[in-house]
Ligand code: NAI
Ligand code: MG
């Protein structure tokens, strides 16, 4: 088999990002040679530590190297301060915009394990497709004196464009079609029976212009002939949270503007047991950046107990969107086997295994 070499940027960022990104690298290095893939790596800086040292959270060199050299990248997490720090802006939010990574694809699937009980009675298997470039994350905020003379007023812009709404709904539709094809080749009748469904999430009953535009554009994008086998429905975001917790097994692909997508995906992570299990990939027209859904987890930083699975699965989602589904499946299966056997499970899932033990057990199963 002809071998292909992929160049991968490694951006650990802060906190447990520095513990889990090396795990992702190890997994790529340990993939079976029969896949015909080779990897070269480049270490890149970004994050709050980088900001404190250099005055910028996202050095130009990081962006340029990603743009010019890399096929893919792995991003850990950044410790963004909760109060305004002059000159600081979240590098991952900036990176998504600069590299036109317009979709954050967040699969969330139950894995059964003797080591921990599933939080839901029925297994769930859904993907949240979160818009990545606009909504409240345009971060255009201002604070000014309240004209009444009492205190201050703070305002934020929520910007929704038909262009961004169309392309996010379009990729959600494509993901639904691809998942349906994969289910058709699956073994269990239950899986085969699940129909492709995209649920559009919004709050257009209140925000009739911004979320209204998202809703109507998403509907239009999903009415293309190529999605004729996909059922389309919509759900207002608050009742979406209710239904997601009540009957998560019902959902297939959920498409949402930036903020709702962020909130729904952390909620969905609780339904499969831990934020430490849930991956994502930032997808656009070029490079793909794998990124665990969790943050820098300062409460467990430096203890060597961070669950590496969210990152390892993010490696797989990255490979899937680099059109390497076979390599992705090797990783998904090794992770599932680690959890199904249950001997090396990290403390967030009730186990006692260290990050390195989980990584080594998964490598053995690749
Ligand atoms: P978090 O996701 O870092 O942690 C939430 C909880 O989940 C914590 O109890 C943590 O210990 C646990 N957890 C998360 N990942 C885990 C893993 N791999 N293994 C085991 N347990 C895990 O969210 P939090 O605490 O709200 O934010 C901490 C920092 O992370 C903040 O500075 C925030 O701005 C940043 N953050 C960064 C993100 C990014 O870079 N994309 C995303 C979310 C938060
Ligand atoms: Mg988040």
Check your understanding: Does residue 148 qualify as being in a loop (DSSP other than H, G, I, E, B), modelled with pLDDT of 95 or more and either over 21 Å from residue 227 (Cβ atoms) or in contact with a strand residue (DSSP E or B) (Cβ under 7 Å, 6 or more places away or on another chain) (or both)?
Key -> yes
Those residues of segment 314-366 that are under 22 Å from residue 179 (Cβ atoms) and part of a helix (DSSP H, G or I) come to a total of 23
Of those in segment 290-304 that are more than 11 Å from the chain's Cα centre (by Cα) and more than 7 Å from ligand 1 (Cβ to nearest atom), the residue surrounded by the fewest Cβ atoms within 10 Å (Cβ to Cβ) is 302
Among the residues of segment 76-97, the number that are closer than 23 Å to residue 255 by Cβ and in contact with a helix residue (DSSP H, G or I) (Cβ under 6 Å, 6 or more places away or on another chain) is 1
* Asked: Before we move on, is residue 241 within 16 Å of ligand 1 (Cβ to nearest atom) and either in contact with a helix residue (DSSP H, G or I) (Cβ under 8 Å, 6 or more places away or on another chain) or more than 28 Å from residue 366 (Cβ to Cβ) (or both)?
  -> no
Open item on the list: surrounded by fewer than 21 Cβ atoms within 10 Å (Cβ to Cβ) and either touching a residue at least 60 places away in the same chain (Cβ under 8 Å) or touching a helix residue (DSSP H, G or I) at 6+ places or on another chain (Cβ under 8 Å) (or both): is that true of residue 347 in this structure?
Closed with: no
Matching residues in segment 177-214 (within 24 Å of residue 258 (Cβ to Cβ), free of Cβ contacts under 8 Å to residues at least 40 places away in the same chain and within 24 Å of the chain's Cα centre (by Cα)) number 1
If we take segment 28-120, then strands (runs of 3 or more DSSP E) inside it with 3 or more residues that are touching a residue at least 12 places away in the same chain (Cβ under 8 Å) and within 16 Å of ligand 2 (Cβ to nearest atom) are 72-77, 103-109
* Taking residue 241 as the residue in question, decide whether it is within 16 Å of ligand 2 (Cβ to nearest atom) and farther than 27 Å from residue 73 by Cβ. => yes
Residue set 55, 47, 9; condition touching a helix residue (DSSP H, G or I) at 6+ places or on another chain (Cβ under 7 Å) and more than 20 Å from residue 318 (Cα to Cα); output residue 47
Those residues of segment 331-340 which are touching a residue at least 60 places away in the same chain (Cβ under 8 Å) and surrounded by fewer than 20 Cβ atoms within 10 Å (Cβ to Cβ) amount to 336, 340
(request) Return yes when residue 108 is crowded, with 19+ Cβ neighbours inside 10 Å and within 16 Å of ligand 1 (Cβ to nearest atom) and no when it is not. (result) yes
Reported set for segment 246-289 where residues are more than 11 Å from ligand 1 (Cβ to nearest atom) and within 11 Å of the chain's Cα centre (by Cα) is 261, 281, 283
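The values are calculated or read from the model by the stated rules, or taken from the named source; none is laboratory data. A quick note: this is a predicted structure, and the numbers were derived from the prediction, not measured. Heads up, the Cβs are rebuilt from the backbone with ideal geometry, glycines too, and the neighbour counts pull from every protein chain shown.
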